[in-house]
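One structure is given here, and the rest of the page talks about it.
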Number of protein chains: 2
Amino acid sequence: MDPRFLRTFVRVARLGSFSEAARELGYTQSAVSQHIAVLEADVGAVLLRRRPVAVTEAGARLLEHAEPILLRLDAARADVARVAAGPPSHLRIGATPLAVAFACELVAPALSVTVRVGARNEIARAVAVGELDHGVVDGVAAPSDPLRLPETGTPVAAFTEEPLAVAAPLDHPLSGHAIQMEVLVDARWIDAPGICAPLPELSALARADGFRAALTYEGSDVNGLLALVAAGHGLALLPERALDGRVAALPVIQPTLVHRTEWL
Amino acid sequence: MDPRFLRTFVRVARLGSFSEAARELGYTQSAVSQHIAVLEADVGAVLLRRRPVAVTEAGARLLEHAEPILLRLDAARADVARVAAGPPSHLRIGATPLAVAFACELVAPALSVTVRVGARNEIARAVAVGELDHGVVDGVAAPSDPLRLPETGTPVAAFTEEPLAVAAPLDHPLSGHAIQMEVLVDARWIDAPGICAPLPELSALARADGFRAALTYEGSDVNGLLALVAAGHGLALLPERALDGRVAALPVIQPTLVHRTEWL
DNA sequence: AATTATTACGTTCGACGTAATGATC
DNA sequence: GATCATTACGTCGAACGTAATAATT
């Protein structure tokens, strides 16, 4: 199970084509075909159905492992590179939108810095493989529960946990009341996966299916989201701290969930 | 970073000897030396100091990643082998001591079965790499928090959470009272790592350092442990269900911890 | 001197490309 | 017939063993 073969397998599976994968990886068709053949011989099972190319059951199992393995290999290389290189002169940090403020505090003012804002998993990945020196990511979790990040072995250097609140229009009937999330399962929600917990994840955490998006906000700007809420387009779950006078805050008391920020 | 090289690196690091590692792996000294040399050239850092052999800082970083990677590779192979083989005629299951009862319920009576009892991580590992078909493991965790098992991608099929209690001699002054763990930081504890949470892990979970073992119980037999408790040798944290009339049960209410059992 | 790691060198195996063949839309 | 995967084959590199060498104790 040479990692190179796993890499081409992943690519072929994703693209659904040997030739496409070959092009992207800089191999010939033939080489890709051989990679898959060797891999199949090695594990003793057919991994791909051909024409059209689609993963078999066995292939799906392998695929679930292959990506984390490849990620971890990159993380390993990056980690030894870090100790070999010593402290960087130019600091590259990343953060999720709601964590940018924290990330900036990280930085000694004099230092040369670049900041990347991105999705949680993307930041975590980038830190793991050494594209970034540090990252600050946030999300919704049960108290003292770590965020579910890709398994890279990156240690959590520090974290905070803050109360969550549902942002609602000022004239909302429950305005100011502490609430149980279940009460609002059937409300009009704004799904803002770029900012806070996407609704499907929230459903899992709250163990209550049915949070459905009336509107999906693709931006990563909290002000825009708050404006939408204030205008009555729907509700959004956010850290209480992120809310301002434009919206009503409905503190969440049930289930016990917190807004967690982790330093990587 | 050929996995074979990682494997020999791990072996060399653990054994502190190239020659020993060569013997165990069925290579020549020379081959092992070359493996390490290639690996060092690949990552661009010295991984081992020689004579005596000891991992460098960079080597330590790599080592942290190498073992999970190799485990996951084995898990991948095992997973595709499972779907290729179909349902096994002979069922091999594993369980931690406190989970054996649950594990037995898994088994359709007619079936041919072997049961292995072992430590939590060992059972999880064995399930991941296909030595066992299923496993049931238990441990202490925050509510709805999964057990911290080696990262193998093995899904948790089901779980239960039960209240925890401190087992104490019948004449214990707090007998029958619900208690906060902190009250008992300085008590005489029996560390029984083979049965429930080892004390260091408990300290981490309770966020209160200082749980120190007055006695370490190396067995995996709950009755023996309860006898020790009843005889006044110390306290032990166990699922309430596991306690019997010989000892007093002090239900734990703070911090909120549960005894969690997971089916793998 | 004995043990242990490294280096030199030869062999073998395997990864890859080129090119021909076979399958599928 | 065009696209795409497989097979055949030749080349080059690299993984390994043998054996000689260097370094520690």
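The values are calculated or read from the model by the stated rules, or taken from the named source; none is laboratory data. What you are looking at is a predicted structure, and each value in this text was computed from that prediction instead of being measured. With ideal geometry, Cβ positions are generated from the backbone for all residues, glycine too; neighbour counts draw on all protein chains shown.
At-a-glance table
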item	result
Residue in region A:39-46 that is surrounded by fewer than 19 Cβ atoms within 10 Å (Cβ to Cβ) and within 11 Å of DNA strand C (Cβ to nearest atom) present	yes
Residue match in region A:192-203 (condition: out of contact with any Asp or Glu (no Cβ under 6 Å at 6 or more places or on another chain), more than 19 Å from A:Ile123 (Cα to Cα) and among the aliphatic types (A, V, I, L, M))	yes
Pairs, first within 19 Å of B:Met1 (Cα to Cα) in region B:18-37, second more than 6 Å from DNA strand C (Cβ to nearest atom) and of a type in the set (D, E, K, R), C-beta under 7 Å, six or more apart	B:Ala21/B:Arg11; B:Leu25/B:Arg11
Residue list for region A:12-23, restricted to those being out of contact with any strand residue (DSSP E or B) (no Cβ under 7 Å at 6 or more places or on another chain) and more than 13 Å from DNA strand C (Cβ to nearest atom)	A:Arg14, A:Leu15, A:Glu20
Selection within region A:47-66 - buried (at least 17 other Cβ atoms within 10 Å of the Cβ) and either within 16 Å of DNA strand C (Cβ to nearest atom) or under 21 Å from B:Ala66 (Cβ atoms) (or both)	A:Leu47, A:Leu48, A:Val53, A:Thr56, A:Leu62, A:His65, A:Ala66
Of residues in region B:172-192 being without any contact (Cβ under 8 Å) to a residue 60 or more places away in the chain and surrounded by fewer than 18 Cβ atoms within 10 Å (Cβ to Cβ), the one farthest from B:Val117 (Cα to Cα)	B:Pro173
Search result, residues across region B:193-231 that are out of contact with any strand residue (DSSP E or B) (no Cβ under 8 Å at 6 or more places or on another chain) and without any contact (Cβ under 8 Å) to a residue 40 or more places away in the chain	B:Pro200, B:Ser203, B:Ala204, B:Ala208, B:Asp209, B:Gly210, B:Glu218, B:Gly219, B:Asn223, B:Gly224, B:Ala227
Failed criterion for B:Glu105 (all others in (1) at pLDDT below 90; (2) under 24 Å from A:Thr56 (Cβ atoms) hold)	(2)
Options B:Ala168, B:Ala178; residue that is more than 25 Å from B:Ile123 (Cβ to Cβ) and in contact with a Ser or Thr (Cβ under 8 Å, 6 or more places away or on another chain)	B:Ala168
Unmet criterion (only one of (1) out of contact with any strand residue (DSSP E or B) (no Cβ under 8 Å at 6 or more places or on another chain); (2) surrounded by 15 or more Cβ atoms within 10 Å (Cβ to Cβ)) for A:Pro87	(2)
Complete set of residues in region A:117-160 that are within 13 Å of chain B (Cβ to nearest Cβ), surrounded by 16 or more Cβ atoms within 10 Å (Cβ to Cβ), under 19 Å from B:His65 (Cβ atoms) and not hydrophobic (A, V, I, L, M, F, W, C)	A:Gly130, A:Pro150, A:Glu151, A:Thr152, A:Gly153, A:Thr154
Candidates B:Ala13, B:Ala60, filtered to the one that is in contact (Cβ under 8 Å) with a residue 24 or more places away in the chain, away from DNA strand D (no atom under 14 Å from the Cβ) and small (Gly, Ala, Ser)	B:Ala13
Residues satisfying the stated conditions in region B:144-179, i.e. of a type outside the set (D, E, K, R) and closer than 19 Å to A:Thr152 by Cα	B:Pro146, B:Leu147, B:Leu149, B:Pro150, B:Thr152, B:Gly153, B:Thr154, B:Pro155
Residue match in region A:96-109 (condition: part of a strand (DSSP E or B), on the phi < 0 side of the Ramachandran plot and touching a strand residue (DSSP E or B) at 6+ places or on another chain (Cβ under 9 Å))	no
